[in-house]
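The block underneath contains the structure these notes are about, expressed in structure tokens.
The values are calculated or read from the model by the stated rules, or taken from the named source; none is laboratory data. Quick caveat: nothing in here was measured; it's all calculated off a predicted structure. Using ideal geometry, Cβ is built from the backbone for each residue, glycine included, and neighbour counts are taken over all protein chains shown.
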There are 2 protein chains.
Amino acid sequence: MESDSNNLGKPETPSNSEAEAHEGGGEEEEEEERDPESNSLRQPLLKRNRTLSSTPLALVGAKVSHIESLDYEINENDIFKHDWRSRSKVQVLQYVFLKWSLAFLVGLLTGLIATLINLAIENIAGYKLLAIVGFIEEGRYISGLIFFTGINFFLTLVAAVLCVCFAPTAAGPGIPEIKAYLNGVDTPNMFGATTLLVKIVGSIGAVSAGLDLGKEGPLVHIGSCIASLLAQGGPDNHRIKWRWLRYFNNDRDRRDIITCGSSSGVCAAFRAPVGGVLFALEEVATWWRSALLWRTFFSTAVVVVVLREFIEICNSGRCGLFGSGGLIMFDVSDVKFSYQAMDVIPVIIIGIIGGLLGSLYNHVLHKVLRLYNLINHKGKMHKLLLALAVSIFTSVCQYCLPFLAQCRACDPSFTETCPTNDRSGNFKRFNCPDGYYNDLATLLLTTNDDAVRNIFSTNTSSEFHVSSILIFFGLYCILGLVTFGIAVPSGLFLPIILMGSGYGRLLGIAMQSYTNLDQGLYAVLGAASLMAGSMRMTVSLCVIFLELTNNLLLLPITMMVLLIAKTVGDCFNPSIYEIILELKGLPFLDANPEPWMRNLTVGELADVKPPVVTLCGVEKVSRIVDVLKNTTHHAFPIVDQGVVVPGTIAASATELHGLILRAHLVQALKKKWFLPEKRRTEEWEVREKFNWVELAERELKIEQVAVTRKEMEMYIDLHPLTNTTPYTVVESMSVAKAMVLFRQVGLRHLLIVPKYQGAGVAPVVGILTRQDLRAYNILAAFPHLARPKLS
Amino acid sequence: MESDSNNLGKPETPSNSEAEAHEGGGEEEEEEERDPESNSLRQPLLKRNRTLSSTPLALVGAKVSHIESLDYEINENDIFKHDWRSRSKVQVLQYVFLKWSLAFLVGLLTGLIATLINLAIENIAGYKLLAIVGFIEEGRYISGLIFFTGINFFLTLVAAVLCVCFAPTAAGPGIPEIKAYLNGVDTPNMFGATTLLVKIVGSIGAVSAGLDLGKEGPLVHIGSCIASLLAQGGPDNHRIKWRWLRYFNNDRDRRDIITCGSSSGVCAAFRAPVGGVLFALEEVATWWRSALLWRTFFSTAVVVVVLREFIEICNSGRCGLFGSGGLIMFDVSDVKFSYQAMDVIPVIIIGIIGGLLGSLYNHVLHKVLRLYNLINHKGKMHKLLLALAVSIFTSVCQYCLPFLAQCRACDPSFTETCPTNDRSGNFKRFNCPDGYYNDLATLLLTTNDDAVRNIFSTNTSSEFHVSSILIFFGLYCILGLVTFGIAVPSGLFLPIILMGSGYGRLLGIAMQSYTNLDQGLYAVLGAASLMAGSMRMTVSLCVIFLELTNNLLLLPITMMVLLIAKTVGDCFNPSIYEIILELKGLPFLDANPEPWMRNLTVGELADVKPPVVTLCGVEKVSRIVDVLKNTTHHAFPIVDQGVVVPGTIAASATELHGLILRAHLVQALKKKWFLPEKRRTEEWEVREKFNWVELAERELKIEQVAVTRKEMEMYIDLHPLTNTTPYTVVESMSVAKAMVLFRQVGLRHLLIVPKYQGAGVAPVVGILTRQDLRAYNILAAFPHLARPKLS
């Protein structure tokens, strides 16, 4: 700003040979393979076989899409600074008030929708199960099978058709995509209104169909969708243009509110408010601060209050077949136990086996998902058929397997009624004579929630026969693997809990003679260990289980089991969410840099990228159009030539003015904010033309803008639109430390400045983006780094 | 490394006039007020009245000390890189194993010491109270008073003498200092062996003396001390020189292990493992990652197991007067209640009053602490007298006030024995006839833990008379204010819980006719609200209360109360820990930059600092000695002159090679690693002389090193000792964004590089440190920024 005497007449060509060696650096995602000749090898020691290629393509709902990064950096250009300075106290209060209101609304709506989903599922599944009981009682076994399979087929069809045709992103749990979003990866169509609706209806359909999947993952996605829609003022095409909402038109505030949404979702799924907050903290969120902790907590508190109110209402019988329930889903608070030294052994065994099984599950599920990807890529029909085949297989197994079990006599010592023919209940009569119950029907011919409740039930050590639990465990192992990848909204929590509780109870029967821990407790611990073995969470799982089981005295052994299972699991493979992230190709930035990243500098990384494209502070329109059309970069450094440096003898220096976004260049072209002559503009001139709400828009494409030939010869003063405070690293910085900066501060672009200072040195060496810092991409360009030892 | 043709013959003078305008920047803490003339005003718009002064002095244990910053950045110099590259797989495994072993040991030792403290306190206080009961029964009231006051006086004397004479840093809770440590402020003598011992003994003395303070804060400090001592291999003068421990000789690993220690301390204090982890996360720690969450959780799990084991042992009566107890301290799990719409009103009222009272308490305590600082500064005798005066006042009040209460008849509906003459018990007979009890004695003449247990007791709505609770509340308000600042180890949790439970129970009596919530529940909620109103924590407090009270159904209303109380409190003043941090002058960096920091660039900040002192890559010994003796900076940029930039026409450029630490310069001088001629050294030459364990040492002073006149003319090659990858910002970066970088990445020094590129431009504009980024210091140099509006 000090120098108005800029030498503006030197539009740089994209690759001027004199700056080749040091300016070799590219910018943004989707670089094509460039001419390798332009990368003169500065250090012959480093064997590079090709340039750094970035693939910003990811699998979004079984469809390959182009994805962009989010920008959590504050774009401090003149317009932002002015708007920011002119914000009054009242506006700041409006902003704070709105933030809290949104957190409240997110909690409220998530609570309401979760209740709605629960009500729908319990009623649909309930009436279905009652009808089956009718068929069985009349001995019409075949008709029952046809009815059961048919209903489930129809429900799965609804869910799958919705997912396949209207919102492919609604399939699966959605948690990996949310995790990626909070890491800075903007997966397209993840948080739209269609996705939300399909997710709600599809989740109801899929869970009522008795498929081996839960509503937990989808609820997290639903919470995040609600948060995103509220923050942007409605669905994309019908947004409310409310003045207040403009404050939320940035990636940072949306990130915060989506974090609230995801923890509300977990809270609604497990009715675990503290667990929800911790889940968001430990598993989902990348950045975190105390203020966010507090707001998230507020959202989950609202969810809990909403859920409680509905449970009160439903307890009075006004919700159809919706059973009774409190805040706790699988209450084992009546188990009294004292720890003994001997009890440590089964706890360790459960932990180890849980870790082994969990990592095995991750491994096999990975293979299955790869296979399913191949099938799903073949087209919509294949996806539908796959989902329906799984549905038929599930229904047939659930209906037919109980016939294998022997009828068991009701023990008068049971506190619950035995046998029952209700939709729920721990002792289903099924095909047995009066006074007898079918233990396998209790586990299979019921909703998944009830199955968990039954297998968690305490003081019922003789209820289930070993063979029944073996069949149950085996079936759910198979179903847990084949169901997850189909094109319906599906959560991972419940399948893993079902498997885990089965194996836990089996272990409990095996260890019966050694300890006096209750078998229900074994089931709970088994479920916890498998969760930890597969998902690798500890603190949040511990709190969720605490809130689920309502028994604080369980805490120490739960902690031990979780820690052991996670440790064992980590020896074999990463967590299931990381596996899915990798499968989908989402460019997730890990918390810790790889060790070999210390042996590489960002300068070397810039060398293998195409040269950086810079613009002058006052640039010709034709050059801007040319650059926008011929590159796919999303940001360009602004460099002023021939600047007089105050206080030095340097007569003609170059100045790094900042970084301009592609979106802002397009805006300037679209607004035709052209100058007939090369000059700097005043701040008010810019403010008249642009406001920062427009500058927050990203959608505009260069193809939508028409520039006449005459306009091509005019100029644009880019200074006011430039972010003057981009984060930078010196070219000698190691990639490891650059990555720490990139992730900790939440950047989209990181400028590389030279370590040299002198005439003729370019002020920018390159730009790093998320793709450039991913280990996979770097290793493709520097394969020798992957070797365990360098020196 | 490419250029061996460095022009090494130009030792810069600290303030060469040509670089005045842009090189005006200083480095490290403790800058004296320099000649203001050396700061030429570049931008006359900014009215500066003086230079940026940094005051690294803080009140450490009532003594003003010089404090340093910690360095969480990885110092990537040649020696580190070599050592790091040469680490074998086995060594990496050793490191991981040791990290987990330390986490285990921290948990184990914290658990053991916490048990020891509890045992000692319960027995000392128990025998004291039994003796009093003897005096009372014989009617010897005056002798009882003298005995009671005398014993308490003696116990306080022991605690205070230890604190005053041996470890002033052991006074107070220690939590603010730990919070500052984890933020990067190295308060001296905080984690020594003496401090640990004094804290343990002092805490036993002070709590047994019946003073209104808790063992919670001290336990957090004890946990952190144990962690620090373990990580460094013992007390400062008797360290174990174990090879493995050298891996922990850095600030980053110590930070992690101290985080484990602090959460173990909270866990041991409240027997709340999840609460402990969350407390460390929400209140204490500045940086956090998932891996740390997990290790912290492991430590607290160990603590809980140790505590449980000891409670099992003590339950069999082998611990003297140590009562019975489980993992839950104040169990209210037998309260059954259902929410009604009406119950929302008292919950809101409790929250609001809790917030008001909490902020009022913060305000008054601030005033009291200021007054106490004045008294404490007068000398050790004054400190002692203050502590003893508070002890006598407390004892007299606790003994005499119960005589004011009327004896109340025992109701046969009480489930507990009534009256009792034991050391604990809910219905103390004191001076009453048989069949009657003194409700005020129940609250006052007991340990603080028992007092809380009694006032939390449920289904005892008629136990306490309003006047008794009023007296109790009033007394503990006064004691809570006068006790905290005295020179004994003191925690804040218990005084606030006592006050809060008193006001909660009063409110419960007042609201009796409106709701049917239990009065014990009111006491719990009152305590929670006052904690939130004063300490401003939410999630961790909620979980701690959950774990204390063992009643998960309390969760939603506890959340509401905490959120309301925190919101109300935040309207008036910051949290009590922030107030103490400010009082002590610890340079804590807040999470969020002040709004006006966006209007200031780091270049402007560098302008008001003394010019930066740079060194050449191969520097003359005399200049190094000169610089070390005449500056107090802790790091110096290394700039090579006359470098040939590969690939450009710039024949003679300058190169920013990196940043060298003062400690490393002193090491090089001490090792007499001198070169007779100006030349670059080979890596192996350096490795022979230095290993990175030595380079991690910080204690060596330049005054301890003697250099002969002949050596003064020799050279040192500083390149291998230089951190080649310091974090940098361009001078146009706003202070707000620089502060975000500084805090998020955990830096000690942040280099400012110029935005200009040309001949004669200095490659470094300045260095920012923690002190430069503190709002208070910046506002002293730029007072106009404090005004609400700039434009």
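One line per residue, one yes/no per condition, for (1) free of Cβ contacts under 8 Å to residues at least 40 places away in the same chain; (2) more than 23 Å from residue A:663 (Cα to Cα); (3) surrounded by fewer than 24 Cβ atoms within 10 Å (Cβ to Cβ):
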| site | (1), (2), (3) |
| --- | --- |
| A:715 | no, no, yes |
| A:722 | no, no, no |
| A:731 | no, yes, yes |
| A:752 | no, no, no |
| A:760 | no, yes, yes |
| A:767 | no, no, no |
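Okay, residues lined up against (1) more than 8 Å from chain A (Cβ to nearest Cβ); (2) in a helix (DSSP H, G or I):
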site: B:694; (1), (2): yes, yes
site: B:707; (1), (2): yes, no
site: B:741; (1), (2): no, yes
site: B:744; (1), (2): no, yes
site: B:747; (1), (2): yes, no
site: B:777; (1), (2): yes, yes
site: B:780; (1), (2): yes, yes
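Please go through the range B:289-306 and give me each residue that is out of contact with any Ser or Thr (no Cβ under 8 Å at 6 or more places or on another chain) and within 7 Å of chain A (Cβ to nearest Cβ), ordered by number.
B:289, B:290, B:298, B:301, B:304, B:305
For residue A:532, which of the numbered conditions (1) of a type in the set (Gly, Ala, Ser); (2) within 14 Å of chain B (Cβ to nearest Cβ); (3) over 30 Å from residue A:374 (Cα atoms) fails to hold?
(3)
Pick from the range B:552-565 the residues that are touching a residue at least 60 places away in the same chain (Cβ under 8 Å) and facing another protein chain (nearest Cβ under 9 Å): which of them is surrounded by the fewest Cβ atoms within 10 Å (Cβ to Cβ)?
B:553
So which of A:510, A:487 ends up being touching a helix residue (DSSP H, G or I) at 6+ places or on another chain (Cβ under 9 Å), small (Gly, Ala, Ser) and part of a loop (DSSP other than H, G, I, E, B)?
The conditions single out A:487.
So for the range A:96-108 (the condition being more than 30 Å from the chain's Cα centre (by Cα) and either assigned to a helix (DSSP H, G or I) or at pLDDT below 85 (or both)), does at least one residue qualify?
For the range A:96-108, residues more than 30 Å from the chain's Cα centre (by Cα) and either assigned to a helix (DSSP H, G or I) or at pLDDT below 85 (or both): absent.
Among the residues in the range A:70-84, are any within 30 Å of residue A:169 (Cβ to Cβ) and away from chain B (no Cβ under 14 Å)?
yes
Would you mention how many residues in the range A:307-319 are within 10 Å of another protein chain (Cβ to nearest Cβ) and either within 15 Å of the chain's Cα centre (by Cα) or among the hydrophobic types (A, V, I, L, M, F, W, C) (or both)?
Within the range A:307-319, residues that are within 10 Å of another protein chain (Cβ to nearest Cβ) and either within 15 Å of the chain's Cα centre (by Cα) or among the hydrophobic types (A, V, I, L, M, F, W, C) (or both) number 1.
Of all residues in the range B:331-378, which are outside any helix (DSSP H, G or I) and either modelled with pLDDT of 95 or more or of a type in the set (S, T, N, Q) (or both)?
Scanning the range B:331-378 gives B:333, B:338, B:340.
Could you check how many residues of the range B:609-646 are part of a strand (DSSP E or B) and more than 33 Å from the chain's Cα centre (by Cα)?
Qualifying residue count for the region: 10.
Looking at (1) outside any helix (DSSP H, G or I); (2) more than 14 Å from chain A (Cβ to nearest Cβ); (3) not aromatic (Phe, Trp, Tyr), can you tell me which one residue B:658 breaks?
(2)
Just one of the numbered conditions (1) farther than 27 Å from residue A:279 by Cβ; (2) without any contact (Cβ under 8 Å) to a residue 40 or more places away in the chain; (3) not in a loop (DSSP other than H, G, I, E, B) is not true of residue A:245; which one?
Looking at each condition in turn, residue A:245 falls short on (2).
Which condition breaks for residue B:449 when tested against (1) under 27 Å from residue B:169 (Cβ atoms); (2) of a type in the set (D, E, K, R); (3) free of Cβ contacts under 8 Å to residues at least 60 places away in the same chain; (4) surrounded by 15 or more Cβ atoms within 10 Å (Cβ to Cβ)?
The number of the failed condition is (3).
Starting from the range B:168-190, keep only residues that are at positive phi, then list their pairs with residues that are modelled with pLDDT under 85 whose Cβ atoms are within a distance under 6 Å, requiring at least 6 positions of separation or different chains.
Partner pairs satisfying both residue conditions: B:184/B:69; B:184/B:70.
Got a sec? Which of B:273, B:235, B:218 is of a type outside the set (A, V, I, L, M), more than 13 Å from chain A (Cβ to nearest Cβ) and either crowded, with 21+ Cβ neighbours inside 10 Å or closer than 30 Å to residue B:550 by Cβ (or both)?
B:218
Conditions first: (1) closer than 28 Å to residue B:736 by Cβ; (2) facing chain B (nearest Cβ under 10 Å); (3) aromatic (Phe, Trp, Tyr). Residue A:756 passes all but one, so which condition is the exception?
Result: residue A:756 fails condition (1) only.
Would you please name the residue that is nearest to residue A:129 (Cα to Cα), looking only at residues in the range A:426-446 that are free of Cβ contacts under 8 Å to residues at least 60 places away in the same chain and of a type in the set (S, T, N, Q)?
The extreme case among them is A:442.
Residues are listed down the side, and each one gets a yes or a no for (1) within 14 Å of chain B (Cβ to nearest Cβ); (2) outside any loop (DSSP other than H, G, I, E, B); (3) at pLDDT below 85:
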position	(1), (2), (3)
A:664	no, yes, no
A:668	no, yes, no
A:686	no, yes, yes
A:710	no, yes, no
A:725	yes, no, no
A:736	yes, yes, no
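Residue by residue through the range B:195-219, note down the ones that are hydrophobic (A, V, I, L, M, F, W, C) and either touching a residue at least 60 places away in the same chain (Cβ under 8 Å) or part of a loop (DSSP other than H, G, I, E, B) (or both).
B:198, B:200, B:204, B:206, B:207, B:209, B:211, B:213, B:219
When you go through B:491, B:485, B:500, B:569 one by one, which is the residue that is touching a Phe, Trp or Tyr at 6+ places or on another chain (Cβ under 8 Å) and touching a residue at least 40 places away in the same chain (Cβ under 8 Å)?
B:485 is the lone residue from the list that is touching a Phe, Trp or Tyr at 6+ places or on another chain (Cβ under 8 Å) and touching a residue at least 40 places away in the same chain (Cβ under 8 Å).
Scan the range B:594-617 and tell me whether some residue there is within 21 Å of residue B:680 (Cβ to Cβ) and either of a type in the set (Val, Ile, Thr) or within 13 Å of chain A (Cβ to nearest Cβ) (or both).
Yes; the residues of the range B:594-617 include at least one that is within 21 Å of residue B:680 (Cβ to Cβ) and either of a type in the set (Val, Ile, Thr) or within 13 Å of chain A (Cβ to nearest Cβ) (or both).
State all residues of the range A:435-474 that are touching a Pro at 6+ places or on another chain (Cβ under 8 Å) and either farther than 21 Å from residue A:210 by Cα or in a strand (DSSP E or B) (or both); if no residue qualifies, say none.
If the condition is that a residue be touching a Pro at 6+ places or on another chain (Cβ under 8 Å) and either farther than 21 Å from residue A:210 by Cα or in a strand (DSSP E or B) (or both), then A:435, A:436, A:437, A:438 are the ones that fit.
With the structure loaded, tell me whether residue A:126 is closer than 25 Å to residue A:254 by Cα, more than 14 Å from every other protein chain (Cβ to nearest Cβ) and surrounded by 14 or more Cβ atoms within 10 Å (Cβ to Cβ) or whether it fails that test.
no
Can you name the residue in the range B:712-723 that is in a loop (DSSP other than H, G, I, E, B) and away from every other protein chain (no Cβ under 14 Å) and, of all such residues, is nearest to residue A:740 (Cα to Cα)?
B:718
Are any of the residues in the range B:623-635 without any contact (Cβ under 8 Å) to a residue 24 or more places away in the chain, farther than 30 Å from residue B:760 by Cβ and out of contact with any Gly (no Cβ under 7 Å at 6 or more places or on another chain)?
Scanning the range B:623-635, I find no residue that is without any contact (Cβ under 8 Å) to a residue 24 or more places away in the chain, farther than 30 Å from residue B:760 by Cβ and out of contact with any Gly (no Cβ under 7 Å at 6 or more places or on another chain), so the answer is no.
For the range A:353-378, name all the residues that are surrounded by fewer than 19 Cβ atoms within 10 Å (Cβ to Cβ) and more than 15 Å from residue A:485 (Cα to Cα).
Residues satisfying the conditions are A:356, A:360.
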